1. Please give the length that would be gained between Asn356 and Asp169 if that part of the chain were fully extended, namely 0.36 nm times their separation in residues minus their C-alpha to C-alpha distance (nm, one decimal).
2. Between Asp236 and Lys340, what is the label-to-label distance in nm when each label sits 7 Å out along the Cα-to-Cβ direction?
3. Determine, at each q value in 0.13, 0.17 (inverse angstroms), the log₁₀ of I(q)/I(0) that the Debye formula gives when each Cα of region 247-384 is one equal point scatterer.
4. Rounded to the nearest 0.05, what FRET efficiency do Leu202 and Lys61 give with R0 = 41 Å and r taken as the Cβ-Cβ distance? Could you check?
5. Have a look at region 305-384 and give its Rg and Dmax from the Cα atoms, expressed in angstrom.
6. Pairs Lys231/Lys375; Lys71/Lys370; Lys145/Lys168: which are spaced more than 24 Å apart, C-alpha to C-alpha?
7. By count of other Cβ within 10 Å, fewest leading, how are Arg177, Arg373 ordered?
8. If the viscosity is 1.002 mPa s and the temperature 20 °C, what translational diffusion coefficient in µm²/s does Stokes-Einstein give for region 194-273 when Rh comes from Kirkwood over Cα pairs?
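Readers should treat all values here as calculations from the given coordinates under stated rules, not as data from a laboratory. Remember, it's a predicted structure, so these values are computed and weren't measured experimentally. Reconstructed Cβ throughout: ideal geometry from the backbone, glycine too, with neighbour counts over all protein chains shown.
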Amino acid sequence: MKRWFSGSLIIATVFVIVILAACTPKAAPAPSTLAPTAPTTPVAPTSNVSPPTSQDAAWDKVVEAAKKEGKINFYNWYFTEGRGGRVLEQAFEAKYGIELSAIQGRGAEFTERLKTEKRIGQMVADVVEGSSLHMENMRLAELLKPTMDIPVMKEKDVWHMVPNYHNKDGYYMNYQRMFLTMFINTNLVKPGEEPKGLMDLLDPKWKGKLIIADPVVSEIGSRLVLYTSQKRVPDDFPARLGRQQLIFDPSTPGVALKLAQGNASIAILLATLDVSNLVAEGAPLRVLDIKEGTMVDALSMGAVNNGPHPNATKVFLNYILSPEGQKLMADKSLSYPVRKGITANVPPAMQLEPSNPLLIDPAAVEFVAKAFREKQMVSALKPN
């Protein structure tokens, strides 16, 4: 009723003005000195809603084609039910109606498996996941293809560790931050005795009490070459560390579990969900910042070259990096998201923002990947 009354009042007012104008004597028009103007072209009414762009239309076609493909084969190491992967899988399937078939394994295993598929000309995987080092090895083996034509890859200033956060050519994209740092068993390391940096690990009191992933099968040890190459530690640091009678385990989860069980006092370890889960369950573990630089890296995903479902692959990768996908990962997998503004849902003992970050950029990834392929750290860390 109020809106109708306001409109009636306006109409009545206009009517009065028109009557008065009609009754007022008109002055003779002054001679014009201007040339006649061309008739104006009617202007289309404006809208607050931006019209769809050609990019939007192109992406809609990709999504439509993805739904027709209906499936993705995903080779993954980290993306498991225990790490919140099933929740994200269900959310993606509900949103797009595309089945996500996850196949578990390790980065090195997937590299060899993809090489075999390429050799016989029958690619099974669409998307593969691994550390940036494994992904770089896959790129060098021409197992991945660039994926720059998805909406999230056009976003700027929303990622941690800009500008080197994604592989510059889009062969793989990082979806979850990881920190390579030190952890202690708080039952075995007294307050005030915590090592401040890598060089403190050379103290004789830590001999036989340090654990790290086996450099033969894990790339963790190979990352130490960045500390020496950037002169953050002396060149002989890996060899001196190897003389500390290191304890080894093939995997990051195994290292974390042995540290929690008291088989070691200190670990050089990736801060991942495996550690967060143990801490959440009450394990006496605490993360430390490394004085010489806590290494900042990420878990990555990439599109497999000649994968059977190329459009569904693009939609999945875009979803993982979208605000919705990133928040689900942060909330359900106790992980460190790559998008700014999304809080890492990790236990207090896992909270970490490095004071002196050592960033893994594409050049560093290639450098460490080469060290891992050549097993440069094996003889230093495992002298016997």
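1. Taking Asn356 through Asp169 to full extension adds about 64.6 nm, to one decimal.
2. Output for this residue pair reads 4.4 nm.
3. -0.76, -1.19
4. Efficiency, rounded to the nearest 0.05: 0.10.
5. Expressed in Å, the Cα Rg and Dmax of region 305-384 come to 18.0, 50.
6. Those over the limit are Lys71/Lys370.
7. The fewest-first ordering by Cβ neighbours comes to Arg373, Arg177.
8. In µm²/s, the coefficient rounds to 166.
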